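Okay, so here's the structure we're looking at.
The values are calculated or read from the model by the stated rules, or taken from the named source; none is laboratory data. Source: prediction; values computed, not measured. Note that we place each Cβ from the backbone using ideal geometry, even for glycine, and neighbour counts take in every protein chain shown. Accessible surface is based on the protein model in full, side chains and every heavy atom, while ligands, DNA and RNA are left aside. Shrake-Rupley method; radii C 1.70, N 1.55, O 1.52, S 1.80 Å.
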Amino acid sequence: MHIQFLGANGTVTGAKYLVRAGRSQVLVDCGLFDGYKQHRLRNWEGLPVAPAELDAVILTQADLDHSGYLPVLVRNGFRGKVFCSEATYELCKILLPDKGLQLEEEASHANRRGFSKHSPALALYCEADARNALRLFAPVAFATPFQPGGAFTARLAPGGHILGASIVQLTAQGKTITFSGDLGRPNDPLMAPPARMEHTDYLVVESTYGNRRHDPTDPAVLLGRTIGDTAARGGVTLIAAATLGRAQSLIYQMHLLKQSGQIPALLPVYLDSPLARDASALFQTHGAEHRLDAGQCAALRQGVTIVNSMHESIALGAQRAPMVLIAGSAMASGGRVLHHLAAFASDPRNTILFAGCQAGGTRGAALLAGRSIKIHGEHVPLRAQVVQVHNLSGHADADEILGWLAQFRHPPRQTFITHGEPDAADELRQRIARQLNWNCRVPSYADSMELA
Ligand SMILES: [Zn+2]
């Protein structure tokens, strides 16, 4: 068996791992790069393997950093199956066409306004490419072995990060490699913990928070204080979050905060995505992956106003009364959060809240560093407060990753640390080597390795 690392090296974006055994080739994850330009340019470069020669793709989850390159792969000739969990498929059905449409709209907007350096500006892919990709999906149940091609057998286990998130185990030629995917937390208020894994020969583990310990105080306390203080001074709390996944966790926390009186019960909460309605419904049909009962699932739909049309979304920008507004994307790299940032970033009464890690080079990272940003070619001054609440993230922190690793009965022959900024990946490497005495390394982009 042989692995090549084609993304999520030195960054949390662009996850792609090419695994070969004999003549079979499987791509685990097919994510979009984001952040620094040298990373984003890789979205436009070809892969070192012809897409038509891949037997299959296996997705660890639906987030675009793991699935968002699929439409390009399919347009460039991939015809195999895309295996993933059922909830991942349901979320991809919503996310991928939406991303295609967004890319088309951004390109045509740039062309109308003439601010792109490319003329004409091209969309990486369009909605039709995304719909073509969806035809190849073959959802599978957790724990049920499947054959992704040739010599390989695979199986998924719940990863606990968002609905559908999966740990992937691939076996060929008597060797097993396990991919943690984005690893959830053992005590997340919403999601069930990641599955316990006991045996693997090789391991690829994420390191988003490989150099951090989440604040042990309840994230709801900081969330409640931030929203409450902002509302008290007449401001708007704008939360940049994935509207399918983490947003549901935030809405649930806000429901509890209103119930306990920590934020005003009548404070309007808007979830700015017409797609979010379907995501909330998915919690009802995938009960085993989270901790909520039917009543708590219903709370995900109550007390929040779903914003459907772009017209309604833009109209919110003119509103000056206190409210909470959740809009994608999580790193402010695209989507509806952009026009809200343009509307709200310059008022010091407002707060911009990030509920997770911001990859280097994204607008989210720039805002956290206190820098003003450009949106649709225009400079937006930053006077709002910018807050990051790490422990609202659905990623395990360093201690929690170590706790999950410690469940393996034998050390893997080799552990590869990916999906983290360089400092986070290297610090996790040092901790795994020191505490578990495992053989581990941080691969670079395009590194390839024989798994002998
Ligand atoms: Zn990820």
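The sole residue among S333, S329, S309 that is over 30 Å from Y202 (Cα atoms), of a type in the set (S, T, Y) and in contact with a strand residue (DSSP E or B) (Cβ under 8 Å, 6 or more places away or on another chain) is S329. Any idea how many residues of region 245-259 are outside any helix (DSSP H, G or I) and of a type in the set (S, T, Y)? Qualifying residue count for the region: 0. Applying the set (1) open to solvent by 60 Å² or more (accessible area, probe 1.4 Å); (2) within 23 Å of H376 (Cα to Cα); (3) touching a Pro at 6+ places or on another chain (Cβ under 7 Å) to S346 leaves exactly one unmet item: (1). Within region 362-393, being within 16 Å of the ligand (Cβ to nearest atom), at pLDDT 90 or above and not in a helix (DSSP H, G or I) holds for one residue alone: T362. Residues that are open to solvent by 70 Å² or more (accessible area, probe 1.4 Å) and within 16 Å of the ligand (Cβ to nearest atom) within region 209-242 comprise just one, R212. Here L64 fulfils each of the conditions (1) out of contact with any Phe, Trp or Tyr (no Cβ under 8 Å at 6 or more places or on another chain); (2) within 16 Å of the ligand (Cβ to nearest atom); (3) open to solvent by less than 10 Å² (accessible area, probe 1.4 Å) apart from (3).
Residue-wise test of (1) free of Cβ contacts under 8 Å to residues at least 60 places away in the same chain; (2) part of a loop (DSSP other than H, G, I, E, B).
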site	(1), (2)
I3	no, no
N9	no, yes
A15	no, yes
V19	no, no
G31	yes, yes
D34	no, yes
H39	no, no
A52	yes, no
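Only a single item in (1) within 17 Å of the chain's Cα centre (by Cα); (2) modelled with pLDDT under 95; (3) more than 16 Å from the ligand (Cβ to nearest atom) is not met by Y89, and it is number (2).
Of all residues in region 203-244, those being under 19 Å from the mean Cα position of the chain (by Cα), outside any strand (DSSP E or B) and acidic (D, E) number 0.
For region 217-238, the set of residues classified as within 16 Å of A345 (Cβ to Cβ) and in contact with a helix residue (DSSP H, G or I) (Cβ under 6 Å, 6 or more places away or on another chain) consists of V236, T237, L238, listed by residue number. Here are R431, R409: which of them is away from the ligand (no atom under 16 Å from the Cβ), in a loop (DSSP other than H, G, I, E, B) and more than 25 Å from I306 (Cβ to Cβ)? After applying the criteria, what remains is R409. Applying the criterion of being open to solvent by 40 Å² or more (accessible area, probe 1.4 Å) and under 27 Å from I239 (Cα atoms) to the residues of region 412-426, the residue that is nearest to the ligand (Cβ to nearest atom) is E421. Are any of the residues in region 266-286 more than 23 Å from K374 (Cα to Cα), under 18 Å from the mean Cα position of the chain (by Cα), modelled with pLDDT of 85 or more and assigned to a helix (DSSP H, G or I)? Yes: region 266-286 contains one or more residues that are more than 23 Å from K374 (Cα to Cα), under 18 Å from the mean Cα position of the chain (by Cα), modelled with pLDDT of 85 or more and assigned to a helix (DSSP H, G or I). Within region 179-196, being more than 16 Å from the ligand (Cβ to nearest atom) and either open to solvent by less than 10 Å² (accessible area, probe 1.4 Å) or not in a loop (DSSP other than H, G, I, E, B) (or both) holds for one residue alone: L190. For region 197-208, how many residues meet the condition of being within 20 Å of M449 (Cβ to Cβ) and either within 16 Å of the ligand (Cβ to nearest atom) or aromatic (F, W, Y) (or both)? Result for region 197-208: 5. Only one entry in T153, T176 is among the hydroxyl-bearing types (S, T, Y), assigned to a strand (DSSP E or B) and surrounded by 17 or more Cβ atoms within 10 Å (Cβ to Cβ), namely T176. Against the test of being over 27 Å from Y202 (Cα atoms) and more than 15 Å from the ligand (Cβ to nearest atom), the options R75, R23 yield a single qualifying residue, R75. Filtering R113, R131, R79 for residues that are of a type outside the set (S, T, N, Q), open to solvent by 50 Å² or more (accessible area, probe 1.4 Å), touching a Pro at 6+ places or on another chain (Cβ under 7 Å) and in contact (Cβ under 8 Å) with a residue 12 or more places away in the chain leaves a single hit, R131. Taking the criterion of being among the basic types (K, R) and more than 21 Å from R336 (Cα to Cα), the residues of region 361-420 that qualify are R409, R413. Remark: Y89 falls outside the filter, which requires a residue to be surrounded by 24 or more Cβ atoms within 10 Å (Cβ to Cβ) and assigned by TED's automatic domain parsing to the domain that holds L32.
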